[in-house]
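Heads up, the thing below is written out as structure tokens.
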Amino acid sequence: MTEQQSKHWPKEIKTHENILFSCFGGLSNTGLTSALACLEVVKELGLEKVAIGCLGGLPTEVGPVFGKTEAAQRVITVDGCPFECSRKVVEGAGFQVTKSIMLARDIGMRKKPLHEDIGQGLKGVMEYVSEDDIQRAKDLIIQALQE
């Protein structure tokens, strides 16, 4: 935990060193990949090192979400596509993003909206994501945490 004082989080209470905000969008392969990569990072590094912040808690001004974000050493956003929803929400709440990752740009993913297969036989949700893309995104997030 950083020594940064937060009006929403008492300095004496430990929290996660770093916070990830992911678009977590389940409407496309890029959003799903963003979510899964963030989960893999937390599984690998542990909750003391990194946690996934509640993106919805920022515009709704949830105190603990603000406090943990203020206390974080790094705030990293992980978006799947050029809309960059998580980055915009985090910045809109007044936070400076340490690193903004956008999978379409940074690992060359091509966005595939899941609705395009409606009426043509939707696949299982995991058939829209690639283990290779999840691994590349995970590696990029871990690298950002180490910078």
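Given 68, 111, 43, 123, which one is on the phi < 0 side of the Ramachandran plot, surrounded by fewer than 21 Cβ atoms within 10 Å (Cβ to Cβ), outside any loop (DSSP other than H, G, I, E, B) and of a type outside the set (A, V, I, L, M, F, W, C)?
43
Would you check which residues across region 46-65 are touching a Leu at 6+ places or on another chain (Cβ under 8 Å), of a type outside the set (D, E, K, R) and either under 23 Å from residue 143 (Cβ atoms) or not in a helix (DSSP H, G or I) (or both) and list them?
Within region 46-65, 50, 51, 52, 53 qualify.
Based on this model, can you work out whether residue 88 counts as more than 18 Å from residue 18 (Cα to Cα), without any contact (Cβ under 8 Å) to a residue 12 or more places away in the chain and out of contact with any Phe, Trp or Tyr (no Cβ under 9 Å at 6 or more places or on another chain)?
It is true that residue 88 is more than 18 Å from residue 18 (Cα to Cα), without any contact (Cβ under 8 Å) to a residue 12 or more places away in the chain and out of contact with any Phe, Trp or Tyr (no Cβ under 9 Å at 6 or more places or on another chain).
When region 71-95 is examined, which residues are found to be buried (at least 23 other Cβ atoms within 10 Å of the Cβ) and among the charged types (D, E, K, R)?
The answer is 79, and nothing else.
FYI, it's all coordinate maths here, none of it is from the lab. Not measured: the values here are computed from a predicted model. All Cβ positions, even for glycine, are placed from backbone atoms using ideal geometry, and neighbour counts span all protein chains on display.
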